[in-house]
Amino acid sequence: DCARGAVSRRLAAPAGHHFSGHGAFAGDGRTLFTAEVDNETGAGVIGVWDRSDGYRRTGSFSSGGIGPHEILRLADDTLAVANGGIIAALDDDRTMLNLDTMRPNLCYLGPDGGLIERVDLPDPLHHNSIRHLAAGSDGTVAFAMQWEGDAAAHPPLLGLHRRGSDPLLAAIPEALLPRLKNYAGSVAYDG
């Protein structure tokens, strides 16, 4: 409860899973979707919870990738999922276990988990973990990334995507490169 600064409900990931980022409510506010990882396989999972029944877990489905971080409900109730591609150890250091093979993607899923579209980054950018999302009024999804490759490289950290087309990756102005440290913490649209 943000107005009172009080915890109204605490959820625990089911045995064998851990939460890995943000959640999102369905348009009617009854269903909560949570970003999770299967501890054994590293596969991304979207948990489904019924708010009207005390946040009872009612199911789950694939996130369409590895390491889901943010889930964003779009105006048509499609879920956009930022699959960062990273499998992290469950130790205190959160050591990244699959940097050589990581494959981030942006997935669009129906509220039942059906895959609508999957957007992969070009191979040279497979170290660019997609983390945060925002949606524009025209349906364009913006995504922020964090680079997990060679620190001397300066890849794009912001992308834009409209369903059915290729992603547009934004170049970083030269003056900002050293200050960003290959990390974009979030993304938002100005109304």
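The values are calculated or read from the model by the stated rules, or taken from the named source; none is laboratory data. None of these values were measured; they are calculated from a predicted model. Note that each Cβ is placed from the backbone with ideal geometry, even for glycine, and that neighbours are counted across all protein chains shown. With ligands, DNA and RNA removed, areas are computed over all heavy atoms of the protein, side chains included. Shrake-Rupley method; radii C 1.70, N 1.55, O 1.52, S 1.80 Å.
Selection of the range 104-118 for residues being at pLDDT 95 or above and touching a Gly at 6+ places or on another chain (Cβ under 9 Å) yields P104, N105, L106, C107, Y108, L109, G113, L115, I116, E117, R118. Only residues that are open to solvent by 40 Å² or more (accessible area, probe 1.4 Å) and in contact (Cβ under 8 Å) with a residue 12 or more places away in the chain were counted across the range 24-37, and they come to 3.
A search for C-beta distances below 8 Å between a residue of the range 162-179 that is under 24 Å from I116 (Cβ atoms) and of a type in the set (A, V, I, L, M) and any residue that is modelled with pLDDT under 95 and open to solvent by 90 Å² or more (accessible area, probe 1.4 Å), counting only pairs 6+ apart in sequence or on different chains, returns nothing. Scanning the range 25-37 for residues that are hydrophobic (A, V, I, L, M, F, W, C) and over 16 Å from S62 (Cβ atoms) turns up F25, A26, L32. Considering the conditions (1) assigned to a loop (DSSP other than H, G, I, E, B); (2) within 21 Å of A144 (Cβ to Cβ); (3) not aliphatic (A, V, I, L, M), S20 is excluded by exactly one of them, (1). Only residues that are hydrophobic (A, V, I, L, M, F, W, C) and either buried (at least 17 other Cβ atoms within 10 Å of the Cβ) or assigned to a loop (DSSP other than H, G, I, E, B) (or both) were counted across the range 146-178, and they come to 8.
The criterion of at least 2 residues that are open to solvent by 10 Å² or more (accessible area, probe 1.4 Å) and touching a Leu at 6+ places or on another chain (Cβ under 9 Å) is met, among strands (runs of 3 or more DSSP E) falling completely within the range 44-112, by 56-66, 68-73. Would a scan of the range 129-145 turn up a residue that is among the hydrophobic types (A, V, I, L, M, F, W, C), under 12 Å from N105 (Cα atoms), without any contact (Cβ under 8 Å) to a residue 60 or more places away in the chain and not in a strand (DSSP E or B)? So far as the range 129-145 goes, no, none of its residues is among the hydrophobic types (A, V, I, L, M, F, W, C), under 12 Å from N105 (Cα atoms), without any contact (Cβ under 8 Å) to a residue 60 or more places away in the chain and not in a strand (DSSP E or B).
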